[in-house]
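Heads up: the structure comes next, in structure tokens.
The values are calculated or read from the model by the stated rules, or taken from the named source; none is laboratory data. A quick note: this is a predicted structure, and the numbers were derived from the prediction, not measured. Cβ placement follows ideal geometry from the backbone for every residue including glycine, while neighbour counts extend to all protein chains displayed.
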């Protein structure tokens, strides 16, 4: 059974719960619902919440790092090493300001597009050859507003609009599973 890692980048504290930066938060639960998965539990050795699922011929490790997004590598590296998972078998779910709100894209390889969580993972992993599931949140008009924009609470109805993308999101995850 091949092991795959699915990581959601976020800031784990309550004040960030419904922000653009944490857009993936409910999405990972949707993905896990397609599998027989265990509830997320904090694991001190990883400094993250972990859930394990079986899906078809794959063992999936879902991870919610319990660090600021910009320091995600600490948790991710521990999980990769412990389960002996290659970076190419990792899917990182994150917000993307260069995509219109509610647009979802799957990408193999490529840069971080200025996303500090991806920068941390790519720099310390030594490769950008891993999968990314990008959740579009739009871009503020001024570059100086980016930090406040991604940490601002989502407008009413935004979660519901993302949930309408459930089938497409699952299809992207399926592509990740079968493409290596």
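Quick notes on this structure:
- Long-range neighbours under 8 Å by Cβ, at least six apart or interchain, first residue on the phi > 0 side of the Ramachandran plot and touching a residue at least 12 places away in the same chain (Cβ under 8 Å) within region 79-106, second part of a helix (DSSP H, G or I) and surrounded by fewer than 20 Cβ atoms within 10 Å (Cβ to Cβ): 102/158; 102/161
- All of 80, 106 fail the test of being at pLDDT 90 or above and in a strand (DSSP E or B), apart from 106.
- In region 126-141, the residue that is nearest to the chain's Cα centre (by Cα) out of those that are in a loop (DSSP other than H, G, I, E, B) and at pLDDT 90 or above is 130.
- Residues that are in contact (Cβ under 8 Å) with a residue 24 or more places away in the chain and in a loop (DSSP other than H, G, I, E, B) within region 1-28 comprise 1, 9, 10, 11, 12, 18, 23, 24, listed in sequence order.
- Qualifying residue in region 92-103 (condition: at pLDDT 90 or above and not in a loop (DSSP other than H, G, I, E, B)): yes
- Number of positions in region 142-180 that are modelled with pLDDT of 80 or more and in a helix (DSSP H, G or I): 20
- Unique residue being in a helix (DSSP H, G or I), surrounded by 14 or more Cβ atoms within 10 Å (Cβ to Cβ) and in contact with a strand residue (DSSP E or B) (Cβ under 8 Å, 6 or more places away or on another chain) when the list is 31, 61: 31
- Of all residues in region 39-52, none are touching a residue at least 24 places away in the same chain (Cβ under 8 Å), under 22 Å from residue 160 (Cβ atoms), crowded, with 16+ Cβ neighbours inside 10 Å and within 16 Å of the chain's Cα centre (by Cα).
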